[in-house]
Amino acid sequence: MIRFLNVVLGLLLVGAMVAAGGVFFVFYHFGRGLPEYAQLADYEPPVTTRVYAGDGRLLAEYAVEKRVFVPIRAMPKHVIQAFLSAEDKNFFIHPGVDPMSVIRALVTNLRNLGGERRLVGASTITQQVAKNFLLSNEVSWERKVKEAILAFRIERVLSKERVLELYLNEIYLGFASYGVAAAALNYFDHSLDELTIAEAAFLAALPKAPNNYNPVRYPAAAQGRRDWVIDQMVEAELISSDEAARAKAEPPVVRLRASAEIVKADYFAEDVRRELASRYGERMLYEGGLAVRTTLDPNLQMISDRVLRDGLEIYDRRHGWRGPVARLRPGDWRDQLARVEPPPGLGRFRLAAVVTVGAASVDIGFADGSRGRIPLAEMTWARHRLDEQAVGPKVERAADVVAPGDVICVEAVTANAEGVAYTDATFALRQIPDVEGALVAIDPHTGRILAMSGGYDYTRSQYNRASQARRQPGSAFKPFVYLAGLDSGYTPATLILDAPIVLDQGPGLPKWRPENYAGKFYGPTTMRQGLEKSRNVMTVRLAQTIGMEKVASYAERFGVVDKLPHQLAMSLGAGETTLLRLTAAYGMFVNGGKKVVPTLIDRVQDRHGRTVFRHDERGCSGCLAMQWTGQSMPVLSDIREKLTDPASAYQMVSMLQGVVDRGTGIRVKAVGKPLAGKTGTTNDSLDSWFVGFSPDLAVGVFVGFDSPRTLGRLETGGSIAAPIFRDFMAAALANQPATPFRTPSGIRLVRIRSESGEVAQGRERDVIVEAFKPGSIPAGRGEVLEGVTAGAPPTTGTGGLY
């Protein structure tokens, strides 16, 4: 008997030694070449970069995996408990692998052997971290062994809390959600601390198979799995039976994130994305978890998008009807209409099929079976479009425009142009413009871009015409010529000869004869009137006198262009620039001639909250005080570079205010508040501009075709761009007082005769108040500036017209 026991003990000892050797061999064989697990101690998972508007609302998110990293100490206890109940009850007591779970899974799988049930796993949370971070998703026993080895090793170098933190922030939970914080937002529009027990249990039910428990597609399965997790929490005595009953009574309802909290500014957001990628690289942008506070004013952006769309549509309707979107075959119009692809940029319009055409109205139908009518009054704009943006004869009847089977764009209307109410289901004929445009609004004192609309519709074209399109500004460039003149000693009352001029362009080239838009000449005219009426010849004579080198230096100094050729045609706006650069340059007139750099971004912080970029570079040690103890108010230094004499800048502001009050921008005067600006139109009306400002807001508008062609024979910056500027300013300044432009010290305001520039005597007519620098008030009628021969010849053409 003793001998038998010795044999058994010997066999057990040998078996134990063999088993130990086997375990050692497995650990040695499969443990070689495993990934370095110590890196997890400093691992930072890819985190979503979030971009915010100026008011703190979300503007955009950029991520490869949409994740919001939350430290374990900031996670609610019931969320952690739900995941531990569902995934790893013994997490805080096992060494990385749970032997009891392994035995239980082994027994279960042997019992189900030969059946159709899927094999049960026994992976701990630590093993899942090893798989997710360091191994592949390959299904094999070899990977499971490596997973177990890594789990043991991870537990030796990382705390349980760190392992759990990695797991809860890394795991994929469906709905494009990586990590529990992102899932809470995407499923329930909640932060983690707002989750109920039922919601936390639902999220904890997802790791095994997120798609199988999708609450939208499989609500019963989702609820069943969630209730199982709740039962596990009760069994572990983490919640009471009453809490469990209340949690189970909640239906698993998905609440999408509130769209009202997400600001829509597609062109602006894309420019921010490009800047971040350029500054920090694609990887940091999509994985670095940056927090970006932008300069965007959502209210101004909403106004910008609306007035630009409206302005482009008004212009487009002024130039006639291009025809239907599509034509339907005879037969069931409803089914055919449902298959018509909506054109890009449809926006608020609806697609409709013309069913019948009467003499004074059109009956239309929609894909959902509803019907409506278009009265003739809402179609009279639709004259046939001809070449060069001309239009055909007037519309006399509905059949002049549409025919049965036409697919058209319509918009619901409630009253006609006179305000007379329509009956229900009345629509107006519409079309998506083929013209494009842009609007940008800037704080002139800081360069902060407050609004940017880069086109009619981002879904139609992502090309940003505010920041990317380089076009000739035409007469909108002229203020820089006049500012150079003011800094050269001339005044707004200086007389310049407005008379025919012939310039030599060089050997083999014809003579250049610049002309005014109206084709007339007006003799000696004040510099102010020359700018207000946008006289080309006067601008050329002034540029001749002061020299194109000086004009070019001002254009470059103000950031309009990087390098301007020293040719006289450039004085009329023949050099290309962007709307953003030109608007920022105009902002430097009204801020007193100080340099500002346009910016989309106020501040960038990394994932740890450290500020890595700040647009405002001013220091302020006094601003760091935690409380007021009687100290003086901190004073911020003005570090902006001085570009011109503040008095000259004010004179230019005053002259541009005259453009609005009496000149080519008079349509803007209807706003009824102090505004200034300049129109711009290029040869053949290819480009239309209006750039201007109030005392604290600079705004630029551009309208033109992407492939340049005429906007129409009589179209100018004053007829197309200025009304858009007017409508923007009217809405943007609606609740603000009428603030006058700030006058710098030293400026003398003197009554002069508007035609001659002489000081007015007594009660005279046609008198204006002019701004003069000290010692420059005219004593009588001044000399007439006729221009001198320029050193460099102009290029062919004028560049600017009006």
Revision key, fill the gap. The one condition ASN516 fails out of (1) farther than 23 Å from THR682 by Cα; (2) without any contact (Cβ under 8 Å) to a residue 60 or more places away in the chain; (3) among the polar types (S, T, N, Q) is (1)
Check your understanding: Does the range 437-457 include one or more residues that are acidic (Asp, Glu), part of a loop (DSSP other than H, G, I, E, B) and free of Cβ contacts under 8 Å to residues at least 12 places away in the same chain?
Key -> no
**Study point:** Verdict on LEU564 being in a helix (DSSP H, G or I), at pLDDT 95 or above and within 39 Å of the chain's Cα centre (by Cα)
**Key:** no
Practice item. Look at SER467 and say whether it is open to solvent by 10 Å² or more (accessible area, probe 1.4 Å), in contact with a Leu (Cβ under 6 Å, 6 or more places away or on another chain) and hydroxyl-bearing (Ser, Thr, Tyr). Key: yes
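Results for (1) open to solvent by 30 Å² or more (accessible area, probe 1.4 Å); (2) among the hydrophobic types (A, V, I, L, M, F, W, C); (3) assigned to a loop (DSSP other than H, G, I, E, B); (4) modelled with pLDDT under 75, shown as yes or no for each residue.
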position	(1), (2), (3), (4)
ARG118	yes, no, yes, yes
ALA122	no, yes, yes, yes
GLU138	yes, no, yes, yes
LYS144	yes, no, no, yes
ALA148	no, yes, no, yes
ALA151	no, yes, no, yes
GLU155	yes, no, no, no
GLU161	yes, no, no, no
Review point. Quick one: ASP645 ticks every box in (1) open to solvent by 30 Å² or more (accessible area, probe 1.4 Å); (2) free of Cβ contacts under 8 Å to residues at least 60 places away in the same chain; (3) touching a Gly at 6+ places or on another chain (Cβ under 7 Å) bar one, so which box is it?
Key: (2)
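Yes/no matrix, rows are residues, columns are (1) modelled with pLDDT under 95; (2) open to solvent by 60 Å² or more (accessible area, probe 1.4 Å); (3) under 26 Å from ALA484 (Cα atoms):
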site	(1), (2), (3)
ALA569	yes, no, yes
LYS595	no, yes, yes
GLN627	yes, yes, no
ALA649	no, no, yes
Review point. Restricting attention to the range 545-562, which residues are free of Cβ contacts under 8 Å to residues at least 60 places away in the same chain and within 20 Å of THR682 (Cα to Cα)?
Key: ALA552, VAL561
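Each row is one residue, and each column tells you yes or no for (1) more than 30 Å from TYR458 (Cα to Cα); (2) surrounded by 17 or more Cβ atoms within 10 Å (Cβ to Cβ).
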position: VAL354; (1), (2): no, yes
position: GLY358; (1), (2): yes, no
position: SER361; (1), (2): yes, yes
position: GLY369; (1), (2): no, no
position: TRP381; (1), (2): no, yes
position: LEU386; (1), (2): no, no
Practice item. Find the strands (runs of 3 or more DSSP E) located wholly in the range 664-749 whose residues include 1 or more that are open to solvent by 20 Å² or more (accessible area, probe 1.4 Å), and list them. Key: none
Practice item. Inspect the range 565-576 for any residue being under 28 Å from ILE639 (Cβ atoms), small (Gly, Ala, Ser) and in contact (Cβ under 8 Å) with a residue 24 or more places away in the chain and give the result as yes or no. Key: no
Review point. Quick one: how many residues across the range 687-715 are under 20 Å from MET655 (Cα atoms) and of a type in the set (Val, Ile, Thr)?
Key: 3
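The values are calculated or read from the model by the stated rules, or taken from the named source; none is laboratory data. Computed from a predicted model, the values in this text were never measured in an experiment. Note that each Cβ is placed from the backbone with ideal geometry, even for glycine, and that neighbours are counted across all protein chains shown. To get the accessible areas, we keep the full protein, side chains included, count just its heavy atoms, and leave off ligands, DNA and RNA. Shrake-Rupley method; radii C 1.70, N 1.55, O 1.52, S 1.80 Å.
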